[in-house]
Every structure is written in C-alpha cells, then in structure tokens.
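To start, the structure itself, in structure tokens.
The values are calculated or read from the model by the stated rules, or taken from the named source; none is laboratory data. Computed from a predicted model, the values in this text were never measured in an experiment. Positions of Cβ are backbone-derived with ideal geometry, glycine not excepted, and every protein chain shown enters the neighbour counts. Ligands, DNA and RNA are excluded from the accessible area calculation, which covers all protein heavy atoms including side chains. Shrake-Rupley method; radii C 1.70, N 1.55, O 1.52, S 1.80 Å.
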Amino acid sequence: MTFEQSARCSKDVDCSAVGQFIFAQVIYSETVAPERTELLVSNNTLSDAQRAGLEKFIEKNKACRALRLQAFREYELRQVLIEHYERMDALYVALLTQKLTTAQGNAQLKANFELYGAQIKKVINRLREVDEERVG
C-alpha cells in the first residue's frame, strides 16, 4: 500500500455525498468547504440527521485508515497514527453523544491534527538523525 492510495481513498470519501454533507454541516474543512466558517462558532450539538451522517462518514473512513496504517511501515510512525485515530474516535463519540457542540468539536479536531502533525515531524526528524548517523 502507498500513501497515494490512502490519500485517494480519503479524497474519495471527502468528495462522496456523505463527505460533502459532513463538511457542510459538521466538520469544518479549509480544503473541502472553506465557506462553512459558521461550523467553527456553532453552539449547536448534532441533530439526528447529522449524527447519522457522521456515523456513515466514520464507517467509510475505516477502509482509508487501514490503507494508511499499511503505508506507514515504520513502527513509530504507525504508533503516532494509531494514537491520532484514537483521539479522533474519542472526538467522534463526543460529537455523536452530544457532549460537544459543533464549535467545540471543530476546535478539538484542529488541535488533534496539529498534535498529529507535530508528532509525525518529531519522528521523521529523529529517523533522519539516525539515518545520518549510520551514513556519516
């Protein structure tokens, strides 16, 4: 499996009818629906239709997650990804059970992705240092 395949899977889900619904009504995305900034400030919890849509979105993303995990061959990178998925699952549960508003969920989503990015960079930098030590 490659990162390109997992990225294509994610893009397909994002562009699907359920993806478009979620990005229009639940999750703010700068790349998919940048005009939906009201999702960042909405104090509403999810409606029944939004919760059903989010459940479908989560289900569709399971295949993409599996592809991405296969693409991450390095153990440390896989662990960072697994921890990210655990944080995302907890966020989704909080949204589905209406413990978070849309704004709170989107703030947590942003924080989750920032942490994930920082952790991936840290591992990659460490792996580069190890490779340079082996070569040098």
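At a glance:
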read-out	value
Unmet requirement for Cys9, which otherwise passes all of (1) under 20 Å from Arg68 (Cα atoms); (2) over 16 Å from the mean Cα position of the chain (by Cα); (3) of a type outside the set (Ser, Thr, Tyr)	(2)
Given (1) open to solvent by less than 60 Å² (accessible area, probe 1.4 Å); (2) outside any helix (DSSP H, G or I); (3) under 19 Å from Ile120 (Cβ atoms), index of the condition Cys64 fails	(2)
Residue identified as at pLDDT below 95 and basic (Lys, Arg) among Arg68, Arg87	Arg68
Region 67-105, subset closer than 18 Å to Leu39 by Cα and under 11 Å from the mean Cα position of the chain (by Cα), residue most open to solvent (accessible area, probe 1.4 Å)	Tyr92
Cross-chain or 6+ apart pairs with Cβ under 7 Å, region 97-114 first and more than 17 Å from Glu30 (Cα to Cα), then of a type in the set (A, V, I, L, M)	Gln98/Leu46; Leu100/Ala94
Of residues in region 41-59 being of a type in the set (Gly, Ala, Ser) and not in a loop (DSSP other than H, G, I, E, B), the one farthest from Tyr92 (Cα to Cα)	Ala49
Every residue from region 24-40 that is farther than 20 Å from Glu55 by Cβ and either under 16 Å from the mean Cα position of the chain (by Cα) or outside any loop (DSSP other than H, G, I, E, B) (or both)	Glu30, Thr31, Thr37, Glu38, Leu40
Conditions (1) modelled with pLDDT of 95 or more; (2) small (Gly, Ala, Ser); (3) surrounded by 17 or more Cβ atoms within 10 Å (Cβ to Cβ): number failed by Ala33	(1)
Subset of region 1-23 [surrounded by 13 or more Cβ atoms within 10 Å (Cβ to Cβ) and not in a helix (DSSP H, G or I)]	Met1, Ser16
Residue within region 107-115 that is open to solvent by 60 Å² or more (accessible area, probe 1.4 Å), at pLDDT below 95 and not in a loop (DSSP other than H, G, I, E, B) present	no
Check on Val93, more than 24 Å from Phe3 (Cα to Cα) and in a helix (DSSP H, G or I)	yes
Any hit, region 5-21, residues being of a type outside the set (Asp, Glu) and within 11 Å of Thr102 (Cα to Cα)	no
Any chance Val41 is surrounded by fewer than 16 Cβ atoms within 10 Å (Cβ to Cβ) and over 21 Å from Ile120 (Cβ atoms)	yes
